[in-house]
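Everything below concerns the one structure shown next.
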Amino acid sequence: MRILICSTTYGFPVISPAIARYAGMERAVWYTAYEMKRRGHDVSVVTDGECDLDVEVLPYNGVDNFIAWMKTNHFRWDILHDFSHDMKIATELRNDMKCLSTLENPNDPKDAPSVVTVSKFHQEHTKKYYGRDTRVVYNAVDALHYPFYPNQR
C-alpha cells in the first residue's frame, strides 16, 4: 500500500525516539511511518521539520498550498493518514482519496470523512462538544525505541 502521512504543521522534527527528547504527534507519526515501512508499505511523510526515516519526505508549505498540490498528485498514494490537526486537509481531499485523521487533542473534526481519537477522553470530548462519534486507536509505543531517563527534569 502507498501511504502518505501528514505530520503536524508546527515544524517539529519527525525523528527517532532515541534522538528526540519530547513526545507528541510527531513521535506518533514516526512510529506509524516506521512500522508501515517495516511491514513493506511504500511510505511518504509530509513535515515542516526534519525526518530521519528512510522514506520520501515532502515539505509542508501551508495548508492551502498542500491541498492544491494534493489535488493534482493524490493518485500517488492509496491513503492519506493525517496527523496535522487541520481538518481542512481531509475535508478538502475526501472526494479525491481515502483519508484518515487522527486527533490527539480534543478538536473539532468538522467534515473530515474518517476520524479516530487516541484516548477515551478525546473520544468522549469529541462526542460531547462536537457531536461526532469516533473510534479510539491508541498511539503505539515500542519500548525498545523509547529511551529511559531515570532522572526526570
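Below are the figures for this structure:
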quantity	calculated
Considering residues of the range 49-61 that are touching a residue at least 24 places away in the same chain (Cβ under 8 Å) and out of contact with any strand residue (DSSP E or B) (no Cβ under 7 Å at 6 or more places or on another chain) only, the residue most open to solvent (accessible area, probe 1.4 Å)	GLU50
Filtered residue count, the range 3-48, keeping only those that are assigned to a helix (DSSP H, G or I) and of a type in the set (S, T, N, Q)	1
Hits in the range 115-131 (condition: in a loop (DSSP other than H, G, I, E, B) and modelled with pLDDT of 90 or more)	GLY131
Top-ranked residue in the range 95-112 [being crowded, with 16+ Cβ neighbours inside 10 Å and assigned to a loop (DSSP other than H, G, I, E, B); ranked as modelled with the lowest pLDDT]	PRO106
Some residue of the range 65-74 being in a loop (DSSP other than H, G, I, E, B), open to solvent by 50 Å² or more (accessible area, probe 1.4 Å) and at pLDDT below 95	no
Residue satisfying all of: in the range 47-67; of a type in the set (A, V, I, L, M, F, W, C) and touching a Cys at 6+ places or on another chain (Cβ under 8 Å); farthest from LYS88 (Cα to Cα) among these	VAL57
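The values are calculated or read from the model by the stated rules, or taken from the named source; none is laboratory data. No experiment lies behind these values; they were computed from the predicted model shown. Note: ideal-geometry Cβ built from the backbone for every residue, glycine included; neighbour counts use all protein chains shown. Quick note on the areas: whole protein, heavy atoms, side chains included, nothing else; ligands and nucleic acids left out. Shrake-Rupley method; radii C 1.70, N 1.55, O 1.52, S 1.80 Å.
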